[in-house]
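Take a look at the structure below.
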Amino acid sequence: MEMTAVEIDFDLCEILDGILHFKDGLETDAWKKSRSSITGMIMNIFEHCLVAHPDDLHDGGAVFANPGSDCQTFELQIYRTTSPNDGLSVAFTVNYNGDKYHMCCTEDMKIYFKKGDSPERIDGNLSEIIFFQKQFSEGDESFKFQSALKAGYYLAVSDEGGQQKLILKSHNGLNERERFTITH
């Protein structure tokens, strides 16, 4: 059966209308908590472990300490995303004095911990708790973590007042202070 040009145009319009309605029903950019996580101690290049201090609002939330009894185990909760990115979307959580906390960053690049578990769903394409875990360099077993709130900013180590603090820092090429390992 042959179709006229008008019938073909009408069929194409119906198809396009169906595509547009399908597109309208798609999810917006969002992250959703997966069932998977990575658990371990976070170590810096000096082989010091990350220690969270959610109750220390003055000095920030996390410092690096010599390995030993102060070391804490972190859970890197993996999130699925509806938008493409070049790393694994993770949120850092830790137990502290019997309560669960998740790590956050601010627009002015401060790191702090918020009481409670990380949320099941995060709408939008910016988040104060999501970090993109990326391989530090080809063939390396260490990682760097880019902020999902501040593009181009990574977790890094800074020497401040005799302590090694966890900070958010602008990425300027390969920087060893952005290198972290996860020990299980």
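The values are calculated or read from the model by the stated rules, or taken from the named source; none is laboratory data. All of these numbers come straight from a predicted model, not from anything done at the bench. Positions of Cβ are backbone-derived with ideal geometry, glycine not excepted, and every protein chain shown enters the neighbour counts.
Take the conditions at pLDDT below 95, assigned to a strand (DSSP E or B), crowded, with 18+ Cβ neighbours inside 10 Å and among the β-branched types (Val, Ile, Thr) and apply them to Val90. Does it pass? When the stated conditions are applied, Val90 does not pass them. Of the candidates Gly124, Gly173, the single residue that is at pLDDT below 90, on the phi > 0 side of the Ramachandran plot and not β-branched (Val, Ile, Thr) is Gly173.
Sub-7 Å Cβ pairs linking a first residue in region 63-80 that is farther than 16 Å from Leu155 by Cα to a second residue that is modelled with pLDDT under 95 and among the acidic types (Asp, Glu), at least 6 apart or interchain, are Pro67/Glu47, ordered by first then second residue.
Taking every residue in region 141-168 that is at positive phi and pairing it with any residue that is surrounded by 19 or more Cβ atoms within 10 Å (Cβ to Cβ), at least 6 positions away or on another chain, the pairs with Cβ-Cβ distances below 8 Å are Gly152/Gln146. Among the residues of region 94-127, those identified as touching a strand residue (DSSP E or B) at 6+ places or on another chain (Cβ under 6 Å) and part of a loop (DSSP other than H, G, I, E, B) are Met109, Asp117, Ser118, Glu120.
Listed here are the residues, each with its yes/no results for (1) in contact with a Leu (Cβ under 7 Å, 6 or more places away or on another chain); (2) of a type in the set (Asp, Glu); (3) surrounded by 19 or more Cβ atoms within 10 Å (Cβ to Cβ).
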| site | (1), (2), (3) |
| --- | --- |
| Leu126 | yes, no, no |
| Ile130 | no, no, yes |
| Lys134 | no, no, no |
| Phe145 | yes, no, yes |
